[in-house]
Amino acid sequence: MVAKEISIFRRYRVSIFAVIFLTTALLTISSRINNVERLAFIDWALLEITYPFQKAVTYSTDALGNLIDSYVLLVNLKRENVALRKKVTELREENSLLRERAIASERLQNLLRFSKKIPGPILPAQIIGIDPSSWFRTILIDKGTKHGVERGMAVVSPEGIVGHVLQTSPHSAKVLLITDFNSSVDAIVQRSRAKGLVEGNGENRCRLKYAPRAEDIQLGDRVVTSGLGGRYPKGLMVGKINKIEKKSYGLFQQAEIILSANFSKLEEVFIITETRPVEIP
Amino acid sequence: MKKNLSLFGLIFLSLVIQTTIVTNLPHQQAKPDLLLILTVYLGLYSTPLAGAILAFLSGYMMDIFSGSIFGVQTFSKTAIFFLTILIRDRFYIRSPLFQAGTIFLFSIIEGFIIIAILGMVSPIENLLSPFFLFIIPRSLITGLVGPFFIALIKCVPPLSHSGNP
């Protein structure tokens with residue numbers, strides 16, 4: 001009998017369990033339906049047990065969320081930073097270009113003013129090359145025989161004389177600078193009218209040589225071209241006396257001249273195409 | 001015993017995740033019901049008595065955290081457990097695709113059970129509204145998440161070799 005009952009139970013155990021558990025669930029609903037606000041001990045205990053875990057998980061997920069938000073924010077900031085850097089570079093380039101144009105404009109205005117001072121015909125030229133050797137001082141300009149440039153023509157800048165044309169080709173010419181060892185220019189001291197010969201010393205300075213010992217030369221005196229020799233017009237600025245060397249013997253005195261033209265910054269020059277002597281007013 | 005304790009631990013963990021991470025997901029309507037997936041798992045791999053107790057407990061614990069009528073989830077989860085037991089030997093539901101389909105179907109059934117109970121307690125005017133608004137999206141996402149969650153459950157050492165009870 002008992003064995004038969006066990007067998008029946010085994011056969012219908014799922015259905016029996018289903019009835020028991022579902023009925024219990026329904027009874028739970030039924031018992032709580034009118035006592036919604038009542039909290040059973042087991043409910044209270046489960047809430048209390050779950051609370052720290054929930055808090056931990058919520059805290060962790062919030063922290064993770066904040067971390068992700070911060071990361072996304074950083075990624076956006078990085079992207080924005082790259083864009084802004086690019087913009088800054090573009091603006092810097094634009095600024096540099098505008099500055100360059102402003103400087104070029106000022107330089108061209110100076111050249112224009114200077115060209116008006118020269119009585120004869122002049123030809124503007126761009127410096128396209130500088131002598132790479134350390135012994136010679138020459139530059140290459142973008143005007144040649146096609147433009148009427150001839151050997152021996154004077155090359156000047158608004159600040160002062162630069163040199164003369166040494167060699168020519170159809171579209172370019174080589175200019176020997178007055179700082180070269182082989183260059184010599186007849187000059188006078190503007191204040192005392194003392195005559196001398198300005199010779200290059202291979203550096204960015206020149207020496208005034210063969211000035212009579214008795215002549216009055218002082219520091220800071222301006223030295224200008226004398227116009228003799230027919231190469232340079234009279235009165236073009238050469239430089240200023242920086243150092244005087246007068247020995248107790250000999251016929252002449254010497255002086256070091258700081259040149260007016262800044263050879264390291266020269267970009268444009270003028271070629272005086274008039275070969276006859278002219279005087280700067 | 002070890003297996004049942006592990007399952008209880010899983011129910012507890014799922015409840016914590018359900019009430020914290022899942023509730024904070026962006027789409028309110030489309031949230032997976034992890035405890036339903038666990039109930040289906042219990043139906044597939046547990047003994048009727050242990051599974052029924054655990055399913056009952058999972059529903060009960062859900063009820064504690066729900067603002068609804070107490071016992072609704074207890075009843076629905078227990079019912080889903082027995083429905084799973086009912087079909088587990090009749091249909092092949094061990095592959096992920098069939099698991100997804102079964103979980104989707106049971107999620108809809110659970111929705112209907114809850115609506116029915118709520119309707120009995122306080123009549124609902126439009127039954128189709130919650131069906132399309134909540135039950136379908138929730139069932140879809142639960143069905144999609146189901147096979148992955150079951151695969152995860154199987155990674156827990158005492159449950160890794162679950163076979164037919």
(request) Report the full-extension gain for the segment A:LEU91 to A:TYR59: residue separation times 0.36 nm, less the Cα-Cα distance, to one decimal in nm. (result) 6.9 nm
(request) Starting with the highest mean, order A:83-93, A:229-239 by the number of other Cβ atoms within 10 Å, averaged over the residues of each peptide. (result) A:229-239, A:83-93
(request) Please give the helix A:41-117 orientation as an angle from the longest Cα principal axis of chain A, in degrees from 0 to 90, rounded to the nearest 10. (result) 10 degrees
(request) Name the long-range amide H neighbours of A:GLY152: under 5 Å, sequence gap of 5 or more, or other chain; modelled H, no Pro or chain starts. (result) A:VAL165, A:LEU166
(request) Given a cut-off of 19 Å, name the pairs among A:LYS143/A:LYS174; A:LYS116/A:LYS234; A:LYS174/A:LYS195; A:LYS209/A:LYS247; A:LYS117/A:LYS195; A:LYS117/A:LYS240 whose C-alpha atoms lie farther apart than that in the structure shown. (result) A:LYS174/A:LYS195; A:LYS117/A:LYS195; A:LYS117/A:LYS240
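Report the rotationally averaged projected area of segment A:40-117 based on its alpha-carbon convex hull, in square nanometres.
Value for segment A:40-117: 7.2 nm².
Let me have the 222 nm mean residue ellipticity of chain A computed from DSSP H runs of 4+ only, each contributing -39500 (n - 2.57), with the sum over all residues rounded to the nearest 500.
-14500 deg cm²/dmol
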(message) As I understand it, the value is the acute angle between the Cα axis of helix A:2-32 and the longest principal axis of the Cα atoms of chain A; what does it come to in degrees, rounded to 10?
(response) 60 degrees
(request) At 7 Å along the Cα-to-beta-carbon direction for both A:ARG13 and B:MET120, put a label point, then send me their distance in nm to one decimal. (result) 2.8 nm
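Assign one of three labels to chain A, namely rounded, prolate or oblate, based on the Cα gyration tensor with a ≥ b ≥ c the square roots of its eigenvalues; rounded applies when a/c is under 1.5, prolate when it is not and a/b is larger than b/c, and oblate otherwise.
Judged from the Cα gyration tensor, chain A comes out prolate (a/c at least 1.5, a/b above b/c).
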(request) Quick one: angle between helix B:72-88 and the longest Cα principal axis of chain B, in degrees between 0 and 90, rounded to 10, please. (result) 50 degrees
(request) Let me know the mean shielding of B:73-85 by other chains, meaning the per-residue number of their Cβ atoms within 10 Å of its Cβ. (result) 4
(request) Provide A:GLU100, A:GLU199 in ascending order of the number of other Cβ atoms located within 10 Å of each residue's Cβ, fewest first. (result) A:GLU100, A:GLU199
(request) Quickly rank A:206-214, B:77-85, B:150-158, A:151-159 as a protection proxy: mean count of other C-beta atoms within 10 Å, highest first. (result) B:77-85, A:151-159, A:206-214, B:150-158
(request) Send over the per residue convex hull volume for segment A:96-147, Cα only, as a whole number of Å³. (result) 133 Å³
(request) Work out how much length B:PHE112 to B:CYS155 would gain on full extension: take 0.36 nm times their residue separation and subtract the Cα-Cα distance, in nm to one decimal. (result) 12.3 nm
(message) Based on the alpha-carbon set only, what is the convex hull volume of segment A:123-272 divided per residue, in Å³?
(response) 98 Å³
(request) Sort A:ARG137, B:ARG94, A:ARG113 so the one with the fewest other Cβ atoms within 10 Å of its own Cβ comes first. (result) A:ARG113, B:ARG94, A:ARG137
(request) Could you work out, residue by residue across A:103-116, how many beta carbons of other chains sit within 10 Å of that residue's beta carbon, and then give the average as an integer? (result) 0
(request) Just grab the label-to-label distance for A:GLN218 and A:LEU98, each label 7 Å out from Cα along the Cβ direction, in nm (one decimal). (result) 4.7 nm
(message) For peptide B:40-53, what's the mean number of Cβ atoms from other chains within 10 Å of each residue's Cβ?
(response) 2
(request) Taking 7 Å along the Cα-to-C-beta vector as the label spot, tell me the A:TRP44-A:LYS243 distance in nanometres, rounded to one decimal. (result) 10.5 nm
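What's the ranking of A:58-66, A:216-224, A:262-270 by average number of surrounding C-beta atoms within 10 Å, highest first? Show your work: numbers first, answer last.
Details: A:58-66: 12.0, A:216-224: 16.7, A:262-270: 14.7.
By packing density, highest mean first, the sequence is A:216-224, A:262-270, A:58-66.
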(message) I need the P(r) histogram for chain B: all alpha carbon pairs, bin width 5 Å from 0 out to the longest distance, whole percents.
(response) 2, 9, 18, 23, 23, 14, 7, 3, 1, 0
(message) Please rank A:ASP131, B:ASP33, fewest neighbouring Cβ atoms within 10 Å first, as an exposure proxy.
(response) A:ASP131, B:ASP33
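Computed from the coordinates by the stated procedures, all read-outs in this text should not be read as laboratory data. Nothing here was measured: the structure is a model prediction, and the numbers come from that model. Virtual Cβ from ideal backbone geometry, glycine too; neighbours counted across all protein chains shown.
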